[in-house]
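Everything below concerns the one structure shown next.
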Amino acid sequence: MAKYITEINKQGSIAVDDTILVKDYPATAGSKMLENFVPLFTAEAVERLIAGGYTISGKTAVGEFGLDLYGETSSNDICAAASLVADGEVKAALNVDLNGAPRRAAAIKGVTFVKPTYGTVSRYGVIAAACSGEQIGVTAKNANTAAEVLSVIAGHDAKDGTSLTTEKYEYNTEISVKGKKVAVVKELYAAASAEVKAKIDDVVAAYKAAGAVVEEISIDILNEIKTAWTILMSAETTNNLSRFDGVKYGYRTEKYKNIDELYVGSRSEAFGFLTKATIIYGSDVLSKGKYDACYDKALKIRRKAVEALTELFKTYDALVMPAYSKADFEGYPIEEAFTKVYEESLFTAPASITGLPAVVSAGVQLVGDYFADGKLLGLAKVLEKEEA
């Protein structure tokens, strides 16, 4: 199966997710709905890379709108961007982390991925689904390369209403691990397979050998965080995808007699099962009878999650947790897709719902305080040395 759905430059150094716009090249977001869509402008993050002397190699396959686990709803190669990086075919890749898919892919392929602090990288030119959590991140072979690319794309962008005001960010990975305090999240460790637990154990051993203090902690609202993020992600996706109606652009059904049949036919034929299930669930939690009990409560849980995690970072430099429940990808009946995504979000929702930075290295996820991206990458370097 192809890793690129569109090749732009065979000598290019950066691959770009197909949810990120590049002028004059198709951008499908993995969906039949956008199979013929060609954007008229380029995403800000890509523009900054080009201005910095990098070249774009091509667009990489993604699962539909980035909602799935690893890209498995794509007809192309799952974990496409991470595969290119792992095989040394590109220097790095830009990926949109909506629900943790790039983090899981990096863990599977044994490469590094950084999901930066929300708002530090422009989202201008991203095909939006869940705006309050999705963020462009970087997949690379190692922490230094991830930091290099991230430093180019990060910084204020007036075109993005979610962009923070700091003009430029620098990511220093040269940190001393001695004396740093990291915490293993007990509930997530217990929920992982034996193979994933072994990866966590290796990370713990590496940090202890480097002089770090490692402790075990409990976070008692993880299941609530998982549910709240599913609610918010689905509700926002419902709103954002409502513009794909077969009228202005995108797929249009051939069989319709009136505007209602045009809407229903176009969306029914173009969206995949997981996207439809997400839209139905999102519509339900936004309905008049459930708004307060579901959507409004999810917003309150988001605030509690931010408070709980930032309080932990007064003591710890990073939290160590799995990026997924098990390393071996297994296919599943499409009717189980929404449930599978919901269950697996347990491991990635904490960073998604809060906008905290997360780094995957050596198959393990590190989550840190806001703007601690460089520190997390520095902690990841220790794990790379262990693997070398």
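Within the stretch 290-310, restricting attention to residues that are of a type in the set (Gly, Ala, Ser) and in contact (Cβ under 8 Å) with a residue 24 or more places away in the chain, the residue that is farthest from Ile280 (Cα to Cα) is Ala308.
Does Lys159 satisfy the criteria of being surrounded by fewer than 24 Cβ atoms within 10 Å (Cβ to Cβ) and under 20 Å from Ala80 (Cα atoms)? Considered against the rule, which asks whether it is surrounded by fewer than 24 Cβ atoms within 10 Å (Cβ to Cβ) and under 20 Å from Ala80 (Cα atoms), Lys159 comes out as no. The residues in the stretch 5-54 that are surrounded by 19 or more Cβ atoms within 10 Å (Cβ to Cβ), of a type in the set (Val, Ile, Thr) and free of Cβ contacts under 8 Å to residues at least 60 places away in the same chain can be counted, and the count is 2.
A count restricted to the stretch 98-131 and to residues that are of a type in the set (Lys, Arg), within 20 Å of Ser193 (Cα to Cα) and crowded, with 23+ Cβ neighbours inside 10 Å stands at 2. For the stretch 335-356, the set of residues classified as in a helix (DSSP H, G or I), closer than 13 Å to Ile231 by Cα and small (Gly, Ala, Ser) consists of Ala349, Ser352, listed by residue number.
Taking the stretch 191-225 on its own, how many of its residues are among the hydrophobic types (A, V, I, L, M, F, W, C), in contact with a strand residue (DSSP E or B) (Cβ under 7 Å, 6 or more places away or on another chain) and part of a helix (DSSP H, G or I)? Adding up the residues that qualify gives 4. Is it fair to say Glu187 is in a helix (DSSP H, G or I) and surrounded by fewer than 18 Cβ atoms within 10 Å (Cβ to Cβ)? Taking the combined requirement at face value, the residue satisfies it.
On the stretch given as the stretch 108-141, residues that are under 20 Å from Ile353 (Cα atoms), of a type in the set (Gly, Ala, Ser) and either not in a strand (DSSP E or B) or not assigned by TED's automatic domain parsing to the domain that holds Val85 (or both) total 7. Considering the stretch 8-53, the residues that are at pLDDT below 95 and among the charged types (D, E, K, R) include one that is nearest to Thr275 (Cα to Cα), namely Glu35.
For the stretch 161-186, the set of residues classified as β-branched (Val, Ile, Thr) and more than 22 Å from the chain's Cα centre (by Cα) consists of Thr165, Thr166, Ile175, Val177, Val182, listed by residue number.
The values are calculated or read from the model by the stated rules, or taken from the named source; none is laboratory data. Computed from a prediction, not measured in an experiment: that's the story for all the values here. All Cβ positions, glycine included, derive from the backbone under ideal geometry; neighbour counts span all protein chains shown.
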